[in-house]
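The values are calculated or read from the model by the stated rules, or taken from the named source; none is laboratory data. Computed from a prediction, not measured in an experiment: that's the story for all the values here. Positions of Cβ are generated from backbone atoms using ideal geometry, with glycine treated the same way; all protein chains shown enter the neighbour counts. For the accessible areas, the whole protein counts, side chains as well, though only heavy atoms, and no ligand, DNA or RNA atoms are used. Shrake-Rupley method; radii C 1.70, N 1.55, O 1.52, S 1.80 Å.
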Amino acid sequence: MPRLPFAICLSALLVLSIRAAIAQQNNPRFTGSESCRKCHLKEYDGWKQTRMANVVRDPKLHPEAVLGDFQHADPNRPFELSQVALVYGSRWKQRYFARQGDGYYPLPAQWDIKNQKWLPYHVPDGADWWVEFYPKPNEDRPTGPTCDGCHSVNYNLQTMQVTEWNVGCEKCHGPGSKHVAHPTASNIVNPEKLDPVRATDVCIQCHSQGRPSQLPVDGKYVDWPVGYVPGQRLADVWNLEIPRLGTQDFYFWQDASAHKNRMQGNDFVQSTMYHRGMRCFDCHQVHSNANRSNLIVTGNALCLGCHTRSNPAGLKGTVNEHTHHAAKSAGSECTACHMPKIAQTLGNNDVSSHTFRFISPRLTQQFGIPNPCTSCHTGKSNEWAIAQLKNWSTTSPWRIGQ
């Protein structure tokens, strides 16, 4: 067989190299958070301390990450630490994943951090939508399609590989190879520069309950938005769970407030603030864990920074006139009434609602939805709370819902 001239081979290689370079420019790759550190040291170091950067950890590399009690036998924990390949979570609960080939599956116990005890872990029938598509044993429910897409950057369903575990920089800013090679503001996603819907999509890609628009995905029933990249419209690939008003189910209370955790997005998109263009990071700073829940400031200062007297949605009187509770008391915290802890995560650990609606005691009477009045005043009845609200409505600068 005649050989091609050297010049032709060299030209062909050059063409392939140019095509590869163009493809890389047009289709940036994920590079990992470490590649961001050199230029964004302050943001990187702040993020590195947050739970987002440490949600999934290898107990062999990070023994300090293990919160559960493996020193004492417990009937709810039928496994040993030696079987744990990854630990997940550090605030409300901690779960444990075992390795199975290149993938993982959840072990059948979880650690209740608040109450310091073991509880069984198995998603029951009638809970998450995907349950009916998987066998009952935990070891037959891989975490790849059910969990790992939100616990990592660039999870690949076919190879079960990730660019990195945890919520890294590119989970919010998109693939960074172009920006790493030639840093400009135009070749990386900055959520601050996106329109409010796309900006909030960056957060609710994982802080929501829903399902992919097309199912199955590569033959799998996946519980995270496969294919979503920051800057895109999340709604193109992900359908949020929809409440049925008047019906309580696994996801929602009867008034459409989230009934379970990891539904901040489902709540927030119902809120007036979302429809006025507020974004998640107007309240949360994910590059810092200086404040609880990554809040930019704490207490009423966060809310009153916007809800000023000059704002139509601002206070018309003092805080205690609005709340009818003593100034600086727990009852005068904005979140006490507008973000009640009604979304259930584990046992008696409930997390804050993000609709910012006041839940009236009348809804408790009608549907059993917890309200902030009797949740705080545990010895009082709903009738007492309704009577209080009636009295206040005649004296308050604001109309108080009953």
Margin query: Tell me yes or no: at least one residue of region 137-148 is more than 23 Å from Tyr96 (Cβ to Cβ) and either of a type in the set (Val, Ile, Thr) or over 17 Å from the mean Cα position of the chain (by Cα) (or both).
Written below: no
Check: Give me the pairs: first residue in region 235-251 and without any contact (Cβ under 8 Å) to a residue 24 or more places away in the chain and polar (S, T, N, Q), second residue surrounded by 15 or more Cβ atoms within 10 Å (Cβ to Cβ) and in a loop (DSSP other than H, G, I, E, B), beta-carbon distance under 7 Å, and six or more apart or on different chains, which are they?
Finding: Thr247/Gln254
Next item on the list: Output yes when any residue across region 9-28 is open to solvent by less than 40 Å² (accessible area, probe 1.4 Å) and either aromatic (Phe, Trp, Tyr) or at pLDDT below 95 (or both), and no when none is.
Entry: no
Margin query: Restricting to region 87-115, name every residue that is buried (at least 19 other Cβ atoms within 10 Å of the Cβ), out of contact with any Lys or Arg (no Cβ under 7 Å at 6 or more places or on another chain) and in contact (Cβ under 8 Å) with a residue 40 or more places away in the chain.
Written below: Lys93, Phe97, Tyr104
Margin query: For Asn76, only one of the following conditions fails: (1) outside any loop (DSSP other than H, G, I, E, B); (2) open to solvent by 30 Å² or more (accessible area, probe 1.4 Å). What is its number?
Written below: (1)
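Condition first: of a type in the set (Asp, Glu) and assigned to a helix (DSSP H, G or I). Now tell me which residues in region 150-171 satisfy that.
Listed by number, the list holds a single entry, Glu170.
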Check: Of these, Trp130, Trp118, which one is in a helix (DSSP H, G or I) and open to solvent by less than 50 Å² (accessible area, probe 1.4 Å)?
Finding: Trp130
Check: Can you tell me which residue in region 251-279 is nearest to Lys93 (Cα to Cα), limited to those that are outside any loop (DSSP other than H, G, I, E, B) and open to solvent by 30 Å² or more (accessible area, probe 1.4 Å)?
Finding: Lys260
Margin query: Out of Asp282, Asp236, I need the residue that is among the acidic types (Asp, Glu), closer than 21 Å to Glu170 by Cα and surrounded by fewer than 16 Cβ atoms within 10 Å (Cβ to Cβ). Which one?
Written below: Asp236
Note to self: Residue pairs, Cβ under 7 Å, 6 or more apart or interchain, first in region 279-306 and within 14 Å of Ala53 (Cβ to Cβ), second open to solvent by less than 40 Å² (accessible area, probe 1.4 Å) and part of a loop (DSSP other than H, G, I, E, B). List them.
What the structure shows: Val286/Thr50; Asn289/Thr50; Asn294/Thr50; Asn294/Ser288
Next item on the list: Determine which single condition Thr355 fails, assuming it passes every other condition in (1) farther than 30 Å from Gly168 by Cβ; (2) among the β-branched types (Val, Ile, Thr); (3) crowded, with 16+ Cβ neighbours inside 10 Å.
Entry: (1)
Note to self: Residue under question is His322, and the condition is that it be under 16 Å from the mean Cα position of the chain (by Cα), open to solvent by 40 Å² or more (accessible area, probe 1.4 Å) and in contact (Cβ under 8 Å) with a residue 60 or more places away in the chain; does it hold?
What the structure shows: no
Notebook entry, point to check: Of all residues in region 335-351 being free of Cβ contacts under 8 Å to residues at least 40 places away in the same chain and open to solvent by 30 Å² or more (accessible area, probe 1.4 Å), which is farthest from Thr308 (Cα to Cα)?
Noted result: Asp350
